[in-house]
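For reference, the structure discussed in these notes is given below.
The values are calculated or read from the model by the stated rules, or taken from the named source; none is laboratory data. Not measured: the values here are computed from a predicted model. Every residue, glycine among them, receives a Cβ derived from its backbone with ideal geometry; neighbour counts consider all protein chains shown.
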Amino acid sequence: METYPEDELTLRDLYLILKKRARLIWSGAIGLALVALAISALMPKTYESAAVFSVASSKGAKPAALVEAFKARLGTAGFAKQLGEGDKVTWAKVRYDEKKGYLRLTASAHDPETARARAVALAEAASEGFVADQLISLKQELKKERADLKASLLALTERQKILKAAFAALPKGMSSPEASRALRAAGANPLVAESPDPAAAYLRLELAKVEADMAAKTGRLKQLEALLSDEAALRRLAEARSPLQLVASPGLPLEPVAPRPLLNTVLAFVLGLFFTVFWAFLQAALEPPEETQVAEKPPAVSG
């Protein structure tokens, strides 16, 4: 038969401890659950509304980098001022799903209408920020293209002058059959090889190319000048190029996300059971051992 040391608790001892203090355990757990339920009922409700965007790459910048830049901007006083807040936005949350490429902007408030209004304002501010970045980048690109076109037109104008001067100074002469064959063998333009005056034909052809290039670049330059002076057109282009595109608009929340009375009550009950059971065992361990009384033997009767 297996024996146990006197100071070792058996399962029966544990059961007796729990049975002895069952009222303490259950009353503590239920009491803590009721307190949690009461606090949950008194706490103000919190509603959330969210807007969902898709994020694409923009000029070599990965979507994750764009989202991090937006998070940094969200924490600035300028962005808070744009939303009509103080120094910082405290009711906004940003979550980015890198696998799906979705950006979720969530706004919270103590009533559904305010939560939705905040989410709409947050979504508009985010879209405006990305469009503003694209607008700045677009203007820089167009201005650079305009400067390159002006430099190219200046070079073409100088070449046009050189060709015209060479054409004016060119002596007139007839082409020989040998010269035509040589030009064809060299891969010259047939218009030049078969011309009665190959040199003049060559200069006229080059001059025509230069003037056609100048006309195309001049037309493009006029387009750029008109575009740079049209803010509405630039904004439409920036909106089309924005990497942030709305997928789902903010809706009116129907149920609060906090507090959760049922969940809080269950958690409080479980924690209450844990602590009261622990307290019951602690009390049992701190109690002094019960003294056992030994009956005295009766005195022996002498004969």
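List of remarks:
- Cβ-Cβ under 9 Å pairs, at least 6 apart or on other chains, region 78-98 side at positive phi, far side part of a helix (DSSP H, G or I): 84/121
- Matching option when the condition is at pLDDT 90 or above and within 14 Å of the chain's Cα centre (by Cα), among 93, 45: 93
- Within region 219-268, restricting attention to residues that are within 30 Å of residue 42 (Cβ to Cβ) and small (Gly, Ala, Ser), the residue that is modelled with the highest pLDDT is 251.
- Residue pairs whose Cβ atoms lie under 7 Å apart, sitting 6 or more positions apart in sequence or on different chains, and linking a residue in region 126-153 that is among the polar types (S, T, N, Q) to a partner that is in a helix (DSSP H, G or I), are 134/238; 134/241; 152/217.
- In region 24-36 there is no residue matching the filter, namely being surrounded by fewer than 13 Cβ atoms within 10 Å (Cβ to Cβ) and modelled with pLDDT under 90.
- Residue 216 vs. criteria surrounded by fewer than 12 Cβ atoms within 10 Å (Cβ to Cβ), in a helix (DSSP H, G or I), within 58 Å of the chain's Cα centre (by Cα) and at pLDDT 95 or above: yes
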